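See below for the structure under consideration.
The values are calculated or read from the model by the stated rules, or taken from the named source; none is laboratory data. These figures come from a predicted structure and were not determined experimentally. Quick reminder, even Gly has a Cβ in these numbers, built from the backbone with ideal geometry, and neighbours come from all protein chains shown.
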Amino acid sequence: MIELANISKKFGQTTVLDNLSLSVMPASRTVIVGPSGSGKTTLLRILAGFETPDSGRITLSGTTLYDQHTFIPAHQRGIGFVPQEGALFPHMKVGENIAYGLSGSKEENRRRVAELMELVSLDTRLQHHWPHEISGGQQQRVALARALAQEPVLMLLDEPFSALDTGLRAATRKATADLLAHAGVASILVTHDQHEALSFASQIAVIREGRFTQVGSPAEVYSQPVDEATALFLGDALMFSAQVNNGFAHCELGVIPVSQPQLSGEWRVMLRPEQIVIAPDSGSQAITISDVDFTGYLSTLTLSSPQWSTPLQLKTVSQQHWRVGMPVSLAVTGQACVLAA
Ligand SMILES: Nc1ncnc2c1ncn2[C@@H]1O[C@H](COP(=O)(O)OP(=O)(O)OP(=O)(O)O)[C@@H](O)[C@H]1O
C-alpha cells in the first residue's frame, strides 16, 4: 500500500537516511525501531510530508507522493500523524482539538467528535476540558482521535506512548493497536523500546545509522537477527563462537542444531535465554552457579565450568532453590541462530 523506494536524506554533510526501501501492507502495523539518532523521526516526517527527502520515491495506494518531479503536501496525503507528547493545541478544549480540520456543520462536527471519542474509549464529557485537565494517556487518545478525524489510510505514530508510565503505556498501546485494526487503518509506529516494537508490530524494520538492518515479522527478527547488534537490541541474547557444519553448531554449550543448516565454518551463534533450561544436577557436567542476582520475577545467574573460557550470564525466571555453589546442568531447546556479523 505504501511503498518507499531508495529514500535518502542528508542534513548538511551528514547522511541521516541512506537508501531506505520498505513496503507497508493495508491495515498492517509496521514498527520502525532503532537507537536514538538513527533517523526514525526523520523518516516519519518525510512520509507525512513535513520534510523532503533528497532522492527516492514514495507511493501511497499507487499515487506518487514524492519523487524527483512530485511533492504532494502533507494535508493532501491522507496520512494521520500522532507525534510525541505535547501534540494537543493547549488553547483549545478537547472537543475543539478533535474537531480541528473537520469541515462539516456545527451539528455534524459535534456528532463526529462524540463518535471519535467513543472510538478511542474517551468519556465524551471530557470534550469540555482543557488538555492540561486530562491525563497523559487521555491526551494521547485525543491526539489519536484528532488524527483519525481525517479518515487517514495510514497513521504515523512517533513514540506516542513514551510519556506514559509502564502500565498505562501497555494498555494504551494495546487499545491503539485494536482500534487501528478495527478501523482498517495501516500504521507505522516509531519507537526505541524493543518491547513496544515486538508487541505492536506485524512487521518490524530495525534501523541503525539511517539504514534498515533487518525487516521481518517480530518472531523472525527476534529469533533470527542478522547480526549481534540487532540481536542485543531486541532482547537478552547469549552469543558463542562455534564451529558450524551439517546443521549443527559445536560450541561451549555442546552440540546445538542451527536454523541455517546451509552454513558451515567458524561463526558466532546466538541463543535467547528462554532456550536454556537449567536443572539441579550433581552429575558429571560440573557447571556451578557462581552468582545469583535476584531481581524478583527474573534473576541473573552467573554459571561457571572448567570447560568454558568465560563464565556465562543468564537471565532467567527466579527459582527459590538456587544457591551459589549449586551444581546444575543446562539443556538447550530449539535452534541456535548463526549471526552474519
Ligand atoms: N532538521 C534537522 N537539521 C539537522 N539535523 C537534523 C535535523 N533533524 C534531525 N537531524 C539529525 O538527524 C539525525 C536523526 O535524527 P532523528 O530525530 O530522525 O533520529 P531518531 O532515530 O528519531 O532519534 P530519537 O529516538 O532520539 O528521537 C540526528 O543526528 C539528528 O541530530
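Here are some notes:
- Filtered residues of the range 291-330 (kept if in a loop (DSSP other than H, G, I, E, B) and over 14 Å from E252 (Cα atoms)): T295, G296, Y297, S318, Q319, Q320, H321, W322, R323, V324, G325, M326
- Only listed residue being more than 16 Å from the ligand (Cβ to nearest atom), among the aliphatic types (A, V, I, L, M), in contact with a His (Cβ under 7 Å, 6 or more places away or on another chain) and outside the structural domain of D18 (by TED's automatic domain parsing), chosen from A249, A242: A242
- When V185, V206, V255 are screened for being among the β-branched types (V, I, T) and not assigned by TED's automatic domain parsing to the domain that holds V120, only V255 passes.
- Of all residues in the range 200-220, none satisfies being touching a Cys at 6+ places or on another chain (Cβ under 8 Å) and either at positive phi or surrounded by 17 or more Cβ atoms within 10 Å (Cβ to Cβ) (or both).
- Of the strands (runs of 3 or more DSSP E) contained entirely in the range 171-242, those carrying at least 3 residues that are of a type in the set (A, V, I, L, M, F, W, C) fall at 186-191, 203-208.
- Flag if H128 is closer than 15 Å to E96 by Cβ and surrounded by fewer than 20 Cβ atoms within 10 Å (Cβ to Cβ): yes
- Taking (1) under 23 Å from V206 (Cβ atoms); (2) exposed (fewer than 15 other Cβ atoms within 10 Å of the Cβ); (3) away from the ligand (no atom under 16 Å from the Cβ); (4) at pLDDT below 90 in turn, H75 satisfies each apart from (1).
- Of all the criteria given as (1) without any contact (Cβ under 8 Å) to a residue 60 or more places away in the chain; (2) assigned to a strand (DSSP E or B), the one not satisfied by F81 is (1).
- Residues satisfying the stated conditions in the range 151-192, i.e. buried (at least 17 other Cβ atoms within 10 Å of the Cβ) and of a type outside the set (A, V, I, L, M): P152, D158, E159, P160, F161, R169, T172, R173, T176, S187, T191, H192
- Sole exception among (1) within 16 Å of the ligand (Cβ to nearest atom); (2) under 30 Å from P311 (Cβ atoms) for L189, by number: (2)
- Residue among L330, L301 that is within 25 Å of A229 (Cβ to Cβ), in the same structural domain as N246 (by TED's automatic domain parsing) and in contact with a strand residue (DSSP E or B) (Cβ under 8 Å, 6 or more places away or on another chain): L301
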